Structure formats: structure tokens, C-alpha cells
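Report on one structure; see the data block that follows.
Read the figures in this text as sums done on the coordinates, not as results from a lab. Note that the structure is a prediction, hence the values are computed from the model and not measured. Cβ placement follows ideal geometry from the backbone for every residue including glycine, while neighbour counts extend to all protein chains displayed.
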Amino acid sequence: MDPNDPPSTGKTKLAAHLHRFDTIVADGKNAMRKTLEAIALAALALLCWITGRALYGSQPLPNRIPIHFDLSGQPNGWGPPSTLLLLPAVALALYLLITLVSQFPSAFNYPVPVTAENRPRLQALALTMIAWIKAEMLCLFTCIQASIVEAARRTRWGLTPLLVPVSLAVVFGTVGWYLVALRKAARPAA
């Protein structure tokens, strides 16, 4: 940094931060997205391991387990242990679908006008948002499955009532955060 340069303001720091997405997209390297992908894969693997261990492990589940919970976390739906296979199947389908969709960022419907100048920044932000959402959703599914298995093994049934609302707040918070970032990234460079 040259001492003769004028002091930077918060806006110029933000603009410099947002404009660096051009080089990230050009290089094809984004450590954040790679880390989030690894987290998503780890969550998916853990979900499958929890399910396999619950169904085929040394501690058998009862013939009837809780499969649905009300807002207070108390079970209000019951089923056979084989219903545990549904959540990993849905998680795998979502993982594959989101991974496929993220291969085509130019086809996304952006909430801001896309120009040749802002396209790389918008695409990088959108891809990072999708990576966050994918990781968050898979972590949520893993926590739900672990909670269901734990509830099935305990004599006192129940699920923490904050799990789903907090997780959904995190997902929608991520979407809101990135929508604001997309709006800022769409502004022309100063």
C-alpha cells in the first residue's frame, strides 16, 4: 500500500472486495466454495453413516420410531425404522440437484440487471450462496436424523424445538445476506 494513496473508505474497501470476485471466477479457484463442498459431502456421509448404524448397527431400534414432531418437539407421527432411509435419499437428491444447477450460473435468474461488467461478480456470489445453502441443508438433515435416532433410543421421546426454526433462520439469513451482496455487486465500479 502506497502511503501517498488517499485513505480508503468503507465503500472503497467493499468495492475492492466485491471486484475481486472477477479474479476468483477467472482462476476457477474459490477456497470458500471448496470448503463448503467438503462440509456438504461430510454431512451427507455422516447422515448415511448415522442411518446405516441405526438400521444395521449393534443397537437395534424399536419396531416403532418417531418420524414426525410437532412445534414443541414432541412426536406426533410414528413409523417403522425403515423410514429413516427417506432423509438420506432426499438429501442425496438435493445434493445432486444443487450440484447440477450450480454448473450453469449463466442460466440463473438474478434479482438485479446483469451486465458484462458485473456478471463475474454476480455469478461468484450466486455460486457461493448456493454452496452455503447446500452445506446448511445437509447439516440440518444430518442433525434431524441424529435427533430422530436419539429420540427413538431414549425412553423419553422428543426433539429440541429450536432445531428446525434456528436452521431455517440460518438458511434464510444466508439468502438475505447474499441478496444484499448481489445488489451491491450489481452497481457499476466507482
| request: Taking 7 Å along the Cα-to-C-beta vector as the label spot, tell me the ARG183-MET32 distance in nanometres, rounded to one decimal. | output: 1.8 nm
| query | Which value in nm describes the separation of the simple spin-label points at PHE104 and VAL171, placed 7 Å from the Cα toward the beta carbon? | reply | 2.2 nm
| task | Please give the FRET efficiency for ALA116 paired with THR160, using the beta carbon to beta carbon distance and R0 = 45 Å, rounded to the nearest 0.05. | result | 0.40
| message | Order 107-117, 129-139, 69-79 from most to least packed using the mean count of other Cβ atoms within 10 Å. | response | 129-139, 69-79, 107-117
| field | Karplus 3J(HN,Hα) series, Hz, for the range 168-175 with 6.51 cos²θ - 1.76 cosθ + 1.60 (x for Gly, Pro) | value | 5, 4, 5, 5, 5, x, 4, 4
| said: Please list, ordered by chain and number, the residues whose modelled amide H lies under 5 Å from the amide H of ILE65; skip anything fewer than 5 residues away on the same chain. | reply: GLY79
